[in-house]
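Undergrad: Mind having a look at this structure? Questions to follow.
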Amino acid sequence: MLRARKGRTGRPMTDEDGVTEPGRTGEGGSGQDSPFPAVRAIGMDAPARWLRAGWRDLRAAPVPSLFYGVVLAAMGFALAHAPGSGAIELALVTGFLLVGPFLLMGLYDIAQRVARGEDVMIGPTMTAWKANVQSIGFYAIILALLLAVWIRISIVVVALFFEGAAPSVAALAADAVRNPETLTFVAAYAAAGCGFALFVFATSVVSLPMLYDRPQMDTLTAMITSFNALRRNFWPMLAWAATIVALTALGFATYYVGLVVALPLVGLATWHAYRDVVAPDGARSEETPT
């Protein structure tokens, strides 16, 4: 009989989210014959289940969770109103979505402490990156490089449609409803952004919580496992990505106030997504969690 690994929580990883015990060999290997953790199959109801679990964590630790919400919302406001050209402004706003998983790292620690029944204090969660500092730091460098690449792509796309400085995000949104050329630009920019964001999402959807939870995990293994999770559960994961974008967009639409709740909720739910999708060390599974 297989035993679930007891990780940093000191308890079986499968108990927290009601995941069934593994049965058959899953995508990414069995744990004994592959360097990659096994990936479970999930259903289309999984994103809603993760959000419910994240909401429970937020209610259990509201002050630390909303602290991160305030900080992240302030960072989003600063990024969107940074001095510079419209192209840089557009790139930074979109880049906020790309580096979001790393910024939400402290919330994984909150979710784990809530699961253990501990009192959650803000201070310890702010050093969650120390769990696997080398791999997490390397991943942060990768995200920074990806953001730099996206800024370049954004500038090129903007230059194809505008002469001189591009309009601000607010001016662009106001003009989109009456100018067909603006709509064409929005479509081209969205296509480039979605393709790039999908790549970032594929390599980050479960990799950061995995790096936090498994101190011996290296960055590339975590990224490949994350890609396997998306490949095996494409439509549920795509629904999860759309949910993240919708919640973040709603936060921006409410003049950043909604981000105070939306971003902590996404961070906490991402922890449950990782626990739901990635099987414990040594487990074999392709069953859908219940």
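Readers should treat all values here as calculations from the given coordinates under stated rules, not as data from a laboratory. This is a predicted model, so every value here is computed, not measured. When we count neighbours, we look across all protein chains shown, and the Cβ atoms used for this are built from the backbone with ideal geometry, even at glycine.
Undergrad: Could you work out the mean projected area of the convex hull around the alpha carbons of the stretch 105-207, in square nanometres to one decimal? Kindly include the intermediate steps, with their values, before the conclusion.
TA: Details: hull surface 37.2 nm².
That works out to 9.3 nm², a quarter of the Cα hull's surface.
Undergrad: For VAL278, which sequence-distant residues (separation of 5 or more, or a different chain) have an amide H within less than 5 Å of its own amide H, given hydrogens modelled in the peptide plane?
TA: For VAL278, the qualifying residues are ARG40.
Undergrad: Per residue, what volume in Å³ does the Cα convex hull of the stretch 187-241 take up?
TA: Taking the convex hull of the Cα positions in the stretch 187-241, it is 75 Å³ per residue.
Undergrad: Mind ordering 220-227, 68-75, 265-272, 143-150 by average Cβ neighbours within 10 Å, highest first?
TA: Numbers: 220-227: 21.5, 68-75: 19.5, 265-272: 26.5, 143-150: 15.8.
Ranked from most to least packed, the peptides come out as 265-272, 220-227, 68-75, 143-150.
Undergrad: In sequence order, what are the phi-derived ³J(HN,Hα) couplings for the stretch 182-189 according to the Karplus relation 6.51 cos²θ - 1.76 cosθ + 1.60 with θ = phi - 60°, rounded to whole Hz, with x for glycine and proline?
TA: 5, 5, 5, 4, 4, 5, 5, 5
Undergrad: Using DSSP to call loops (not H, G, I, E or B), can you name the GluC sites (Glu not before Pro) in the stretch 109-199 whose Cβ has at most 13 other Cβ atoms within 10 angstrom? Walk me through the intermediate numbers first.
TA: On the way: sites: GLU118, GLU163, GLU181; in loops: GLU118, GLU163.
Here the GluC sites (Glu not before Pro) that fit, given the DSSP loop and packing criteria, are GLU118, GLU163.
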